[in-house]
Each structure stands twice: as structure tokens, then as C-alpha cells.
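Presented below is the structure to which this report refers.
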Amino acid sequence: MFVTNHSIMSDKNLKKLIDPVKAELKIVPTKEEALQSFIYAGIKNKKGKFTSRYAILNKLVKITPQKAR
């Protein structure tokens, strides 16, 4: 049972909320879907470059080894 300041949620109802989130987290986006998410969030521009606000991330990307696919 999950208790908040305002109500009590049964385990069954909590499971109804958690299960779809777990399922969504198992989905691996394509590179294009991931890029679109970053563009939508303002982290990257349409050319795939980090926006000025996130330019510091270029350093991290350069030093992080890329996983072979």
C-alpha cells in the first residue's frame, strides 16, 4: 500500500500505474527517435549539434567510448 499526505493507493492501483511505465522503459528508441527527442527538448538542433546551452556536452561525448552496434 502506498500512502501520501492526501490518500491511500492500493497495491493494485499502484501496479496499474507502474506496469505501463516499466513497459515503456524497455523500448529502445532508434537513433532518429532519440535525436527527435533531443531536438524537441532543445538539447540538439535539427543538424544534430548541441544547442549553445548544452555545448558543454560535446566534451563528454568526445571522451565517452561509443558502444559498437
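Karplus-derived 3J(HN,Hα) values for region 56-61, using 6.51 cos²θ - 1.76 cosθ + 1.60 with θ = phi - 60°, are 4, 5, 4, 5, 5, 5 Hz; glycine and proline are entered as x.
Computed from backbone phi with θ = phi - 60° and the Karplus coefficients 6.51, -1.76 and 1.60, the 3J(HN,Hα) list for region 21-32 is 5, 4, 5, 5, 5, 7, 6, 9, x, 6, 4, 5 Hz; x is used for glycine and proline. Counted residue by residue at 0.36 nm each, then reduced by the alpha carbon distance between them, the extension gain from K47 to I8 reaches 9.3 nm.
Computing FRET efficiency as 1/(1 + (r/R0)^6) for V21 and K62, where r is the C-beta to C-beta distance and R0 is 25 Å, gives about 0.15.
For the full complex of protein chains and a 1.4 angstrom probe, list T51, T30 by accessible area with the highest value first. Kindly include the intermediate steps, with their values, before the conclusion.
Details: T51 35, T30 75 Å².
Ranking T51, T30 by accessible area, largest first, yields T30, T51.
The values are calculated or read from the model by the stated rules, or taken from the named source; none is laboratory data. In this text the structure is predicted, and so the values were computed from the model without any measurement. As a convention, Cβ positions derive from the backbone with ideal geometry for all residues, glycine included, and neighbour counts pool all protein chains shown. The area values use the complete protein model at the heavy-atom level, side chains included, leaving out ligands, DNA and RNA. Shrake-Rupley method; radii C 1.70, N 1.55, O 1.52, S 1.80 Å.
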